[in-house]
Amino acid sequence: MLEVSDIRTFYGNIEALKGVSLVVQEGEIVTLIGSNGAGKSTTLRSISGLSPPREGSIRFEGSEIGETAPQEIVQMGISQSPEGRKCFQRMTVRENLELGAYLRRDTAQIQQDLARVFDLFPRLEERERQKAGTMSGGEQQMLAIGRALMAQPRLLLLDEPSMGIAPVLVERIYETIEEINRQGTTILLVEQNANFALGVSKRAYVLETGKVALTDDSAALRDNPDVQKAYLGG
């Protein structure tokens, strides 16, 4: 479904990604783990078109998208829930969700997808008319994921969904991520909470200073002594 080949992405003259390659097959949950500054979020931004790579190739369902505009990438079937949630604070929950479908014109299906998001995240339905900025961090994370789903992605990019939220809500969000995947959406997950990420994903890549240092099945990485020491508190 997604094939990233030797991409190099820069911020000014600073090389953030130094030849990253990865593959995501349809139906998988694949995770990227690594410390702060390893290049995890930049990898997602490169895929979504927000920080296009200077070199290398990104192919989605056979089409090259490395130089494609972000809105066109959304229309092709890739949607991102960004790091830090980035909800529109003065807009209601419903308005934020409807904004996720701004490129769509299929009104009836949009309403069905809205109902699906409310089914996945009942708390959002309870707070449908509440301003996003008045909700907790965990609730805003639910909203950010729901907004991304409103674009009807076949590939969902999730950037740090557990960041800054209560542990009890982290578990709830990860249960929902697994349910989204069971319903047919492929997921590429960036996460510092390696325990959760390796628990829900099939395969994983470890990024270090802009390069892929290690890749394997998630279960094997959880048992890897180096990964345990660096990322799992072992």
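A short reminder: the numbers here are calculations on the coordinates, not readings from a lab. Because the structure is predicted, anything quoted here is derived from the model rather than measured. No Cβ is skipped: glycine too gets one built from the backbone with ideal geometry, and neighbour counts run over all protein chains shown.
Observations on the structure shown:
Let's see how each residue does on (1) surrounded by fewer than 16 Cβ atoms within 10 Å (Cβ to Cβ); (2) not β-branched (Val, Ile, Thr):
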position	(1), (2)
LEU22	no, yes
THR43	no, no
SER46	no, yes
GLY49	no, yes
PHE60	no, yes
SER63	yes, yes
GLN75	yes, yes
SER81	no, yes
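- Selection count, the stretch 1-41, where residues are free of Cβ contacts under 8 Å to residues at least 40 places away in the same chain and closer than 22 Å to GLN192 by Cα: 1
- Contacts under 7 angstrom Cβ, first residue in the stretch 210-223 being closer than 18 Å to ALA38 by Cα and in contact (Cβ under 8 Å) with a residue 40 or more places away in the chain, partner outside any loop (DSSP other than H, G, I, E, B) and polar (S, T, N, Q), 6 or more apart: VAL212/SER21
- Residues located in the stretch 140-184, provided they are assigned to a loop (DSSP other than H, G, I, E, B) and either among the hydrophobic types (A, V, I, L, M, F, W, C) or in contact with a helix residue (DSSP H, G or I) (Cβ under 6 Å, 6 or more places away or on another chain) (or both): MET150, ALA151, PRO161, SER162, MET163, GLY164, ILE165, ALA166
- Residue in the stretch 67-83 that is in contact with a helix residue (DSSP H, G or I) (Cβ under 9 Å, 6 or more places away or on another chain), assigned to a loop (DSSP other than H, G, I, E, B) and small (Gly, Ala, Ser) present: no
- Counted residues, the stretch 188-230 - those being part of a helix (DSSP H, G or I) and farther than 20 Å from LEU22 by Cα: 7
- Residues that are over 30 Å from ILE14 (Cα atoms), hydrophobic (A, V, I, L, M, F, W, C) and either surrounded by 17 or more Cβ atoms within 10 Å (Cβ to Cβ) or within 16 Å of the chain's Cα centre (by Cα) (or both), drawn from the stretch 199-220: VAL200
- The stretch 174-198 - residue that is closer than 19 Å to THR43 by Cα and among the polar types (S, T, N, Q) and, of those, surrounded by the most Cβ atoms within 10 Å (Cβ to Cβ): THR186
- Members of the stretch 117-173 found to be among the basic types (Lys, Arg), surrounded by fewer than 22 Cβ atoms within 10 Å (Cβ to Cβ) and within 15 Å of GLU98 (Cα to Cα), listed by number: ARG127, ARG129, LYS131
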